Amino acid sequence: MEIEITRLFDLLDHLVVNHPKDDILAGKVNGEWVRYSSHDYYKYAHFMAYGLMELGIQPGDRVITISNNCPEWNFIDMALALTGAIHVPVYPTLSVENYVHIFKHSGAKLLLVSSNLLLRRILPAVQQLETPPDIYTLAAIEGYPRTLEILKMGIASREKHLAELEKRKEQAKPDDWLTLIYTSGTTGDPKGVMLSHRNICSNFLAHSKVNPMTPEYRVLSFLPLNHVFERSMNYHFQYLGCSIYYAESMGTLQRDMLEIGCGGFCAVPRVLEMFYDKLYAAGKDFPAIKKYIYFRAFRHGMRFDNGIIKKVSIWYQLMHRFYDRMVYRHWREKFGGKRMIIISGGSSIPERLVRLFSAAGMNIYEGYGLSETSPVIAVNNPVDGYVRFGTVGPQLSGTELKIAEDGEILTRGPHVMMGYYKDPDYTKQVIDEEGWFHTGDIGKIVANRYLKITDRKKDIFKLSAGKYVAPQVIENKLRESEYIDQVMVIGEHQKIAAAIISPNFNTLHYWALKHHLHYRDNTQLINLPEVNKKMQEIIDIYNKEFAPHEQIKKFRLVSEEWTTTNGLLSPTLKLRRNLLQDKYKDVIVDIFGKQDDTKSGLFSSFRTIELPAIKLPFKGN
């Protein structure tokens, strides 16, 4: 039976009618999987809604959740949609300053937090508020009421609120405000993105149509549900009837995948790079012949073409079967034993990883979008065969897409946000009079179909000679090297482009061991002449693919990893360029030297001297 889904909570009816299964959602409690059926999901959501109404929650009230992934997150999310309240899911890893801003800006009436650790993290921010929200916790924490009490209130007050809840559901419209998403950003305070039922529903329904998964699939969820990418995919999987298992922690991913027989998951590039590093490191101690075959499988996989083996030579096909039997199937066994579908988003992923994992039967489909676009704009489409490595795929059905004269990606359609909360002026800056949302990203259309992202508009800089450099294009290419973890290209107003590189130390340690290099720590390692020579050789290879003015003429290695923990990457794993430039200002001075005296100091000093009057030897003095 077809259930029309125009409001988020319509998904509950769809599940009960079309996918009445015993494990639509599952999470771990004390090391054991606790499963919830489709009917459980429906009932818990409605009883939570009655409980929220008993607390006095009205349509339009903002309710913040700060939680790890778990089935209960869904019960609360749907309950808020049912009551007409605005769900404000917030990252569990923000600074106190960001929490204070979000708590004040949203005007939240209620704050639901999952654990004692997260509670301790947010309390310094709550204490700075004149009117703090009421706090409920999922875990049992002394001195705080539990969300379980809200559920109990809902069970006790069902008859009292039943008619009112049905009325709210009936009156809810697709264009009603559903959720407030605070963008992580790389500079300034987070901005609140207002998304409607139509925004969210039209988007997840569209991208679910390009996923070949069936209700028999079990997927593992571990990216934060407060992020619009994982959240939208959460609804996507539910719509398809896939069972969603929430990982116990980032440290248990492999074990959790094995336990559930995982058929897929969503990931950001950093997670896939972590998997790659582990697989690469696993071959270092093999005997000589086995090691040779193992690393030949890596090189073979990085030449994989679109996952369609019949397009390549018979010899390649034969070798692919050989490597699959000898290497790739063992990789799959580490992650559940099945051929997988992996959806990647959040930032650009090195093409070599997409090829390699796809060769191994763990097919990666990269997509693109923003919080402001609910989020997907384009995604590779395996259902219709529209997959192209190095791109983010064709535009999503129901969306409009065009490239502006300056290369900026514009989009229009039901996925474009309602606007920024309390900021109509900035909303007008990014959504023009014709309804086109200006993404701030630069891109192009490849083969008349596939969108390729090349850079952030605001990150492009100009060299002193007037030539423009798009740093992300160069960074993404350099990160294809197994020796480079993160890189930032610099050179604004300078004669040349240069790079600050955080190496992949797992790979570098292995290389140094092979070459019998001795070092005390990473700081000493990156200063070894042999290491810098190796990195120069790598850069020289990639420089051949760049225009002369884009080529990296100088570089410096740094010993720190760039992570969200140390604040050098945003929660969506984008470079925080301002912070990086401030942290490495001495390195930048070392690369470019101090400002040329002949250009600034010398001539500016002349202008500070007042010249005496003299009689000029020509007419007009």
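Overview of values
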quantity: Single condition Ser202 does not satisfy, out of (1) touching a Pro at 6+ places or on another chain (Cβ under 8 Å); (2) among the small types (Gly, Ala, Ser); (3) surrounded by fewer than 18 Cβ atoms within 10 Å (Cβ to Cβ); calculated: (3)
quantity: From the options Lys334, Lys338, residue that is over 29 Å from Asn476 (Cα atoms) and in contact with a helix residue (DSSP H, G or I) (Cβ under 7 Å, 6 or more places away or on another chain); calculated: Lys338
quantity: Subset of the range 259-274 [touching a residue at least 60 places away in the same chain (Cβ under 8 Å), assigned to a helix (DSSP H, G or I) and not charged (D, E, K, R)]; calculated: Ile260, Pro269, Leu272
quantity: Set Leu579, Leu602, Leu568: member being surrounded by 11 or more Cβ atoms within 10 Å (Cβ to Cβ), over 27 Å from Ala512 (Cα atoms), modelled with pLDDT under 95 and not assigned by TED's automatic domain parsing to the domain that holds Ile349; calculated: Leu579
quantity: Those residues of the range 176-199 which are closer than 25 Å to Gly107 by Cβ, buried (at least 17 other Cβ atoms within 10 Å of the Cβ) and hydroxyl-bearing (Ser, Thr, Tyr), in sequence order; calculated: Thr179, Tyr182, Thr183, Ser184, Ser196
quantity: Any hit, the range 189-206, residues being of a type in the set (Gly, Ala, Ser), touching a residue at least 24 places away in the same chain (Cβ under 8 Å), more than 16 Å from Val88 (Cβ to Cβ) and in the same structural domain as Asn68 (by TED's automatic domain parsing); calculated: no
quantity: Failed condition for Glu54, given (1) buried (at least 21 other Cβ atoms within 10 Å of the Cβ); (2) in contact with a Ser or Thr (Cβ under 6 Å, 6 or more places away or on another chain); (3) under 26 Å from Phe103 (Cβ atoms); calculated: (1)
quantity: Failed item in (1) touching a strand residue (DSSP E or B) at 6+ places or on another chain (Cβ under 8 Å); (2) within 30 Å of Asp521 (Cα to Cα); (3) crowded, with 18+ Cβ neighbours inside 10 Å, with Ser481 passing the rest; calculated: (1)
quantity: Unique residue being loosely packed, with under 12 Cβ neighbours inside 10 Å and farther than 30 Å from Ala470 by Cα when the list is Lys533, Lys514; calculated: Lys514
quantity: Residues (in contact with a Pro (Cβ under 6 Å, 6 or more places away or on another chain) and in a helix (DSSP H, G or I)) located in the range 26-47; calculated: Ser38
quantity: Qualifying strands (runs of 3 or more DSSP E) (wholly inside the range 392-495; at least 1 residues being in contact with an Asp or Glu (Cβ under 7 Å, 6 or more places away or on another chain)); calculated: 408-412, 437-446, 450-456, 484-490
quantity: Residue ID - surrounded by the fewest Cβ atoms within 10 Å (Cβ to Cβ), chosen from residues in the range 95-122 that are in contact (Cβ under 8 Å) with a residue 40 or more places away in the chain and among the hydrophobic types (A, V, I, L, M, F, W, C); calculated: Leu118
quantity: The one condition in (1) surrounded by fewer than 22 Cβ atoms within 10 Å (Cβ to Cβ); (2) touching a residue at least 40 places away in the same chain (Cβ under 8 Å); (3) not assigned by TED's automatic domain parsing to the domain that holds Lys28 that Lys173 fails to fulfil; calculated: (3)
quantity: Filter result (under 21 Å from Asn203 (Cα atoms) and surrounded by fewer than 18 Cβ atoms within 10 Å (Cβ to Cβ)) within the range 11-29; calculated: Asp13, Asn18, His19
quantity: Some residue of the range 288-307 being without any contact (Cβ under 8 Å) to a residue 24 or more places away in the chain, farther than 17 Å from Asn363 by Cβ and not in a helix (DSSP H, G or I); calculated: no
quantity: Residue within the range 515-522 that is within 38 Å of the chain's Cα centre (by Cα) and at pLDDT below 90 present; calculated: no
quantity: Residue that is farthest from Glu72 (Cα to Cα) [pool: residues in the range 14-25 that are touching a residue at least 24 places away in the same chain (Cβ under 8 Å) and not in a loop (DSSP other than H, G, I, E, B)]; calculated: Asn18
quantity: Index of the failed condition, Lys167 passing every other in (1) closer than 30 Å to Val383 by Cα; (2) without any contact (Cβ under 8 Å) to a residue 60 or more places away in the chain; calculated: (1)
quantity: Breaking point among (1) assigned by TED's automatic domain parsing to the domain that holds Asp423; (2) acidic (Asp, Glu); (3) closer than 25 Å to Val113 by Cβ, for Glu273; calculated: (3)
quantity: Selection from the range 229-258 of residues that are in contact (Cβ under 8 Å) with a residue 24 or more places away in the chain, assigned to a helix (DSSP H, G or I) and either farther than 13 Å from Leu11 by Cβ or in the same structural domain as Phe275 (by TED's automatic domain parsing) (or both); calculated: Phe229, Glu230, Met233, Met250, Leu253, Gln254, Asp256, Met257, Leu258
quantity: Test: residue in the range 181-194 that is polar (S, T, N, Q), out of contact with any strand residue (DSSP E or B) (no Cβ under 8 Å at 6 or more places or on another chain) and at pLDDT below 95; calculated: yes
quantity: Residue in the range 209-228 that is within 21 Å of Lys21 (Cβ to Cβ), in a loop (DSSP other than H, G, I, E, B) and among the β-branched types (Val, Ile, Thr) present; calculated: yes
quantity: Hits in the range 505-526 - residues which are within 22 Å of Gln581 (Cβ to Cβ) and either not aliphatic (A, V, I, L, M) or not in a helix (DSSP H, G or I) (or both); calculated: Asn522, Thr523
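The values are calculated or read from the model by the stated rules, or taken from the named source; none is laboratory data. All figures in this text were calculated on a predicted structure; none of them were measured in a lab. Virtual Cβ from ideal backbone geometry, glycine too; neighbours counted across all protein chains shown.
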